[in-house]
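The values are calculated or read from the model by the stated rules, or taken from the named source; none is laboratory data. Note that the structure is predicted; figures quoted are calculated from it, not measured. Please note: Cβ atoms are built from the backbone with ideal geometry, for glycine as well, and neighbour counts cover all protein chains shown. When the accessible area is computed, the model is the full protein with side chains, heavy atoms only, and any ligands, DNA or RNA have been set aside. Shrake-Rupley method; radii C 1.70, N 1.55, O 1.52, S 1.80 Å.
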Amino acid sequence: MSKINSSFKAVVFDLFGTLADEPTSKSIITNQIISAKFNIPYGEFEKYWQDSVIDRLSGSLESTNTYFSVMLSELGITLDSSLIDFAVNARRLFATEVLQPRESATHSISELKRLGFQIGMVSNCGIEIVEAWQNSKFPSLIDHSILSAKVGLIKPDPQIYSLVCERLKINANECLYIGDGGDWELTGAERFGMTAALLQTAYELPEEVSYKLEAITWQGLKIENLGQVTELLQ
């Protein structure tokens, strides 16, 4: 692995699959429990879930409660506050469980801060992650975090990279972006002017590959673990 000759001032990370474990399998289990409670086939629930991905990631429905209220209405299920509360609590529990920094992430970030780098994070995530964020360990690790459902921007929109640079008070060419290739985030970062590196990770489920095709085709910088981030920069 070659080092980068640069004057980087910050490292910006993706969240899931990078700083925290990929949450897809836990999300599926959670949604299966909710769909059973709603008394609808999981396939019907999952289709709605996938079809509403932009609404979920952009936070356009403002809260988890609102999202499930709209879902019940559009699926023709009688609105029942107990059903909504059940779904909201299930997704909040899911968010709490998956918002756990990898040990390698904590160590790598601590070392990067010791070396004088700022730490940013950009994540495509649902509103339940936003709602659980402040009670997780991440705010103490990250200098500036950009959560899609909070800011209404979704990777690879260049505006989301612009926003993290603005908050870090740096230029794009002063930033190294690290991610696992979800939603074409690496290409988006490089088009904006950042240098991007793929964190090569194993997929938990074949279904995850559908939104991580970039990880398969990426020809740029690659690292095998987060410990190698500091090796790139020193």
- What whole-number value in Å² describes the accessible area per residue of the chain for a 1.4 Å probe? 47
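Pulled fully out, how much extra length does the chain show between Asp55 and Lys169, if you take 0.36 nm times their separation in residues and subtract their Cα-Cα distance? List each step's numbers first, then the result.
On the way: separation 114, 0.36 × 114 = 41.04 nm, distance 2.94 nm.
Between Asp55 and Lys169, full extension yields an extra 38.1 nm.
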- Query: Under a straight-distance cross-link criterion of Cα-Cα below 15 Å, which aspartates and glutamates are reachable from Lys47, leaving out those fewer than 8 residues away in the same chain?
  - Reply: Asp55, Glu74, Glu207
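Let me make sure I get this right: for the stretch 126-204, a, b and c are the square roots of the gyration tensor eigenvalues over alpha carbons, sorted descending. Under 1.5 in a/c it's rounded, otherwise prolate if a/b > b/c, else oblate. Which is it? Kindly include the intermediate steps, with their values, before the conclusion.
Working: a/c = 1.55, a/b = 1.20, b/c = 1.29.
In terms of gyration-tensor shape, oblate.
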- Item | Cut-off under 5 Å, modelled amide H: who pairs with Ala10 long-range | Gln118, Leu176
- Item | trypsin sites (Lys or Arg not before Pro) restricted to DSSP loop in the stretch 131-195 with at most 13 other C-beta within 10 Å | Lys137, Lys169
- Message: Going by Cα centres, the stretch 163-181 and the stretch 1-59 are how many Å apart?
- Response: 21
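For the chain, rounded, prolate or oblate, judged on the Cα gyration tensor with a ≥ b ≥ c (square roots of eigenvalues), a/c < 1.5 rounded, else prolate if a/b > b/c?
prolate
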- Reachable lysines, given that their alpha-carbon falls under 19 Å from the alpha-carbon of Lys222 and they are not under 8 places away in the same chain: Lys3, Lys212
- Placed amide H near Glu22: partners under 5 Å, 5+ positions off or other chain: Gly17
- Would you work out which of Pro156, Leu115, Phe16 lies farthest towards the positive end of the dipole of the chain? Charges go on Cβ: Lys and Arg +1, Asp and Glu -1. Leu115
- Message: Can you give me the % of accessible surface on the chain that is carbon or sulfur? Probe 1.4 Å, all protein chains present, nothing else counted.
- Response: 50
- Considering the dipole of the chain built from charges on the beta carbon (Lys and Arg +1, Asp and Glu -1) around the Cα centre, which of Ile84, Thr217, Pro139 is farthest to its positive end? Pro139
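Determine the dipole magnitude for the stretch 70-155: charges of +1 sit on the beta-carbon of Lys and Arg, -1 on that of Asp and Glu, nothing else is charged, the reference point is the Cα centre, and the result goes in debye to the nearest 20. Provide the component values of the computation, followed by the final result.
Values: 8 positive and 9 negative charges, 82 e Å.
Rounded to the nearest 20 debye, it is 400 debye.
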